Every structure is written in C-alpha cells, then in structure tokens.
1. With at pLDDT 95 or above and of a type outside the set (A, V, I, L, M, F, W, C) as the only criterion, which of Gly13, Gly20, Gly31 stands out?
2. Could you list, ordered by first residue, the pairs with Cβ atoms under 9 Å in which the first is in the range 5-33 and more than 15 Å from Val53 (Cβ to Cβ) and the second is among the charged types (D, E, K, R) and in a loop (DSSP other than H, G, I, E, B), at least 6 apart or interchain?
3. Taking Asn58 as the residue in question, decide whether it is assigned to a loop (DSSP other than H, G, I, E, B) and at pLDDT 95 or above.
4. Being more than 25 Å from Lys48 (Cα to Cα), polar (S, T, N, Q) and either out of contact with any strand residue (DSSP E or B) (no Cβ under 9 Å at 6 or more places or on another chain) or not in a strand (DSSP E or B) (or both) is the filter here, so list the residues in the range 78-131 that pass it.
5. Do any residues in the range 46-69 that are over 15 Å from His29 (Cβ atoms) have Cβ atoms under 8 Å from those of residues that are small (Gly, Ala, Ser), where the two are at least six apart or on different chains, and which pairs are they?
6. So, restricting to strands (runs of 3 or more DSSP E) that lie completely within the range 139-204, which ones have at least 3 residues that are open to solvent by less than 70 Å² (accessible area, probe 1.4 Å), touching a Phe, Trp or Tyr at 6+ places or on another chain (Cβ under 8 Å) and more than 15 Å from Phe116 (Cα to Cα)?
7. Ser126: among the small types (Gly, Ala, Ser) and open to solvent by 30 Å² or more (accessible area, probe 1.4 Å), yes or no?
Amino acid sequence: TTLVGQWDGFTTGLYADVYGDGNYAYICHFGHHVVDIIDISNPAAPVKVSEIVPLPPNDTASAQQVTVKNGMAFVALESNDNDGLLIVDVRNPLLPIIRTRVTVLPNFDDVHGMHFHDGLLYLANSRTPNIAVVDLRTYSLDAAPATITTALAEFTYGSSFVHDINVAYFPSRNQSLLFGCGWNSGVGVFDVTNITTPGEVFLG
C-alpha cells in the first residue's frame, strides 16, 4: 500500500471510526459528537466539505461508529446515557440533515456498534450484552419519523457487553449470520435468517 493523501483536521482530539462512500469519507470524533465529511475525489488532497453535528441531548456524546447506505448515514452515539443512534440524510453530503433518532429504551440509549443489512439495523449496546434489531424496511428519508423507540427483536451475547457486530449473507446456504464480538466472551455466531419469525438461533 502507498499513502497518497492525508486529512487530520480534528487537531484537538482523536478519531473513532471511518467509512467510505463514493467520493466521501465520514470520520467520527472519539469523545466528541461530530462526524466530519471529507471529499476524497482527489485522494492526494482530501478536503472537509461539511459535518454532522448532533443537537442536544446528543451534543455531549462520543461518535463511535458511522456507516453510510442508500443516502443514509447511521451514527452510533454513546457516553451520556441519552444518545442512541442517528439516521442522517446524506443524499447531498454537503448538506447533511438529521432525520431520526433511534433510542430503543431502556437498553439502547448508548450504542457502541451497529450494522445495517437488508433493511434491518442491528445495534450493540456499550453497557449491556444486548443486541437489538430495528426494522427499517419501510423507512423513507422523505417521510422519516423523528424518533424510533421500538425494536423488532432483542437478544443477548456474553457476560459484559457487545463491542461490535457484523451481519453477512451466504447465498449458497440462503443464510444470514450475525457475528457478535463480546467484550470478554469471544465471537458469538447467530443465524438471523428468520429474525422476524421465530427469531435468532445461537450457533456457537
């Protein structure tokens, strides 16, 4: 690999996560609530063009993870027990608009990790071993609710908390698997192919 360019505009703090989508990179501030949006169309000279700035009560959060799919930026927030996750309209990355706050109470007001797969949003709490599934299959940025507080499903893994999750589809088996990284419990594998009915199946 060869370094062709660099951006380091958050000079007073650290970074938590990055996600690339087309000509833009989204960079989370660790211990700070902002996500920078960087134009990388010229990789040798990346430039910040805008930012996602959560409003109160999320203005004291830590932006832990960001993922961008279908014009939606999912921003996982934690640290002050009143954060959850934001869905942000980034169809125009130069003008991001916060559409929805996801806070599946009581267990998901702090979100450390998340994964969006096939219209379902999977959340990992940073305080408990809980994993929640939020149904976004009919979600529309043009008619978005201000808040989402209910989960389609919820289950647990490990004895401390789930640090990160990932969901992958395996066509040869027509099976979707969730991999959960327990803070002190290794990796748990769940079959979530039929997460709606009857639910997840722990495989090992």
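1. Gly20
2. The qualifying pairs are Tyr15/Asp8.
3. No, not satisfied.
4. Ser79, Asn80, Asn82, Thr103, Asn107, Ser126, Thr128
5. Here the result reads Pro46/Gly5; Pro46/Ala25; Thr67/Ala73, each pair linking the range 46-69 to a residue that is small (Gly, Ala, Ser).
6. 186-191
7. No.
Matching residues to (1) within 23 Å of Asp191 (Cβ to Cβ); (2) open to solvent by 10 Å² or more (accessible area, probe 1.4 Å):
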residue: Phe74; (1), (2): no, no
residue: Asn80; (1), (2): no, yes
residue: Leu94; (1), (2): no, yes
residue: Arg99; (1), (2): no, yes
residue: Val102; (1), (2): no, no
residue: Met114; (1), (2): yes, no
residue: His117; (1), (2): yes, yes
residue: Leu121; (1), (2): yes, no
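The values are calculated or read from the model by the stated rules, or taken from the named source; none is laboratory data. In this text, all values refer to a predicted model and were calculated from it rather than measured experimentally. Don't worry about glycine lacking a Cβ; one is built from the backbone with ideal geometry, like all the others, and counts go over all protein chains shown. With ligands, DNA and RNA removed, areas are computed over all heavy atoms of the protein, side chains included. Shrake-Rupley method; radii C 1.70, N 1.55, O 1.52, S 1.80 Å.
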